[in-house]
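Student: Input: one structure, supplied below.
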Amino acid sequence: MASQGKVEADFILRNAQVADVFTLTWKKADIVVKNGHIVALDRQNVFFAKHEEDAAGQYVIPGLIDGHIHIESSMLTPAEFSRVLVPHGVTTVITDPHEIANVAGAEGIQFMLDDAKKAEMDIFVMLPSSVPGTPFEHAGATLTAADLAPFMHNDYVRGIAEVMDFPAVLNGEASMLEKIMLAQQGNFVVDGHCAGLSSAQITGYRAAGIQTDHECVTAEEALDRIEQGMYVLIREGSAAKNLRDLLPAVNTMNARRFGFCTDDKYVDELLEEGSINFDVKMAIAQGMEPLQAIQLATLNVAECYRLYDRGVLAPGYKADFVLVEDVKEMRAKAVWKNGVKVADNGKMLTGRTKLEVPAHIQQSVHLPSVTTDRLAIPFTKGSKANVMEIVPNQLITNHLVMDVPVKDGVFVPSVAQDLLKLAVIERHHHLHTTGLGIVKGFGLQKGAVATTVAHDSHNALVVGTNDEDMVLALNRLQAIQGGFVIVADGKILAEMPLTIGGLMTDATAHEAQMQLARLHKALNELNPHLDFHFLLTFSFVALPVIPALKLTDTGLFDVTTFQHISIEV
């Protein structure tokens, strides 16, 4: 009845330039809303409603959708995360909670689902496929298909998250195939993680039923995945920034197979830039037609994840829409969720909800009392070593073989050569296994940096120019129950407690932003020439599924051969 103008609507946004992401055209119309859905686009002024607003001829686009993000990487809880991004026009995200799942297992997933119910946006979950990420490290939990199966009945679960253990897929290992089949039986989506895979290996992923990838770093890789039937999610986060390199792969013929995603982005950048709105703005600046960019950020991702009720401004779809004055700038003037205005001029119109966290998740750091002996790297044959070289603002690393400083049979960090000591210590089950390595590229002139944000097993990770500062940073990390600690000359310069699984804060986004600012200031004291995102680049040096060399609590790991190697050559 409301769609025919016979019943009073709940809300009408009049005089809007409406983005039609089906035809890629703008249409002048009134958006008519009833019961949280669009019931008509009125061009003849025949509908009436309880409440009305005038768009004054400005642009209205569908609510933006992030195709893949780890909310934990924002360091915020799901509800607080939503309060940051809804004012930027992001009304739906697809999240993979494998960060908290690697710490707290099924209990961690349930916490994310429960807190997401308090969010102002819709938060859909992809169930973590790789907990732990590989069998070559110790995580806080192990999740089998049987552990994941009960979550499949939750309306906010959309499938199986990024399948990172590619040997398990290509070798047909039962435990991984059971998880993929779990999603397929429910007609859900299976996300891929195809970093560094060849075209033939992508074929194996597709044959197993894996449907997306967000790890492309070149246009050629993106086209290969599209040609083999995948969706490609173009990633632009804090560390991995791939948008400019991937846009040349998108054209009018294949654009419907692309979407945007964030993957990992810190709270300070989310507050300043937003996420998917920032991607759309960048794409337009790089020459993409605005409506095409909006289509990637809405309809394409919605259809990829089979969310057929959103991503479009048309009758029958959810009334999630954003008013923008200048499409090229993508600044949201106002945001409606389910037909209700929830943000205006960058501010939320609703209050913060109460946070409830299980006690177990808040006491998740179990480190030993670390001494310098634990950090010694012995050399018995000479001074040639396997060295990890970071790539600033990227998740990949390089594998170097080079001579390193050795004195009295142990490695000595060198500021002059930018060769620092790296350690990962298990922190979940009192195992305290310790992996050691040598890293190049961080450029620290003094001090040490420690964190429990170490993808994906999230053990304690520390890098430093000397053992004493590294020990101080690790012991302080235990005292504050996880987070970030920066130390120099025996003093703590800055810290950020992340008491929820060692990953998230119970603070507001703006409080977290101020804490991060203090961390960045301290980092600039350690490296005055710092010109990349240190913390996020650092947090990925322990991820043994992205080439080439990584460090876990069980030792130095060569991702190309998928096996441990010694430090000394």
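Student: Show the residues, 5+ positions off or on another chain, whose built amide H is closer than 5 Å to the amide H of His37.
Tutor: Counting only residues 5 or more places away or on other chains, the set is Ala319.
Student: Please state the relative contact order of the stretch 360-564 as a whole percent: Cα pairs under 8 Å, 6+ residues apart?
Tutor: Computed value for the stretch 360-564: 23 percent relative contact order.
Student: Counting other Cβ atoms within 10 Å of each Cβ, which trypsin sites (Lys or Arg not before Pro) in the stretch 57-145 have at most 11 and sit in a DSSP loop?
Tutor: Answer by residue number: Lys117.
Student: Starting at the first residue of the stretch 90-95, write each ³J(HN,Hα) from the Karplus equation 6.51 cos²θ - 1.76 cosθ + 1.60 with θ = phi - 60°, in whole Hz, x for Gly and Pro.
Tutor: 3J(HN,Hα) across the stretch 90-95, in whole Hz: 8, 10, 9, 9, 10, 10.
Student: Please give me, ordered by residue number, the trypsin sites (Lys or Arg not before Pro) of the stretch 259-307 that lie in loop per DSSP and have at most 13 other Cβ atoms within 10 Å.
Tutor: Arg306
Student: Scan the stretch 1-89 for chymotrypsin sites (Phe, Trp or Tyr not before Pro) in coil per DSSP, keeping those whose Cβ has at most 15 other Cβ atoms within 10 Å, and list them by number.
Tutor: Qualifying residues, ordered by number: Phe22, Phe48.
Student: Over every pair of different alpha-carbon atoms in the chain, take the mean of 1/r and invert it; report that Kirkwood radius in Å.
Tutor: 24.3
Student: If you average the alpha carbon positions of the stretch 372-442 and of the stretch 470-492, how far apart do those two centres end up, in angstrom?
Tutor: Cα centroid to Cα centroid, the span is 19 Å.
Every number here is computed from the coordinates shown, using simple stated rules; none is lab data. Every value quoted in this text rests on a predicted model; they were computed, and no experiment measured them. FYI the Cβ positions are ideal-geometry reconstructions off the backbone, even for glycines, and counts take in every protein chain you see.
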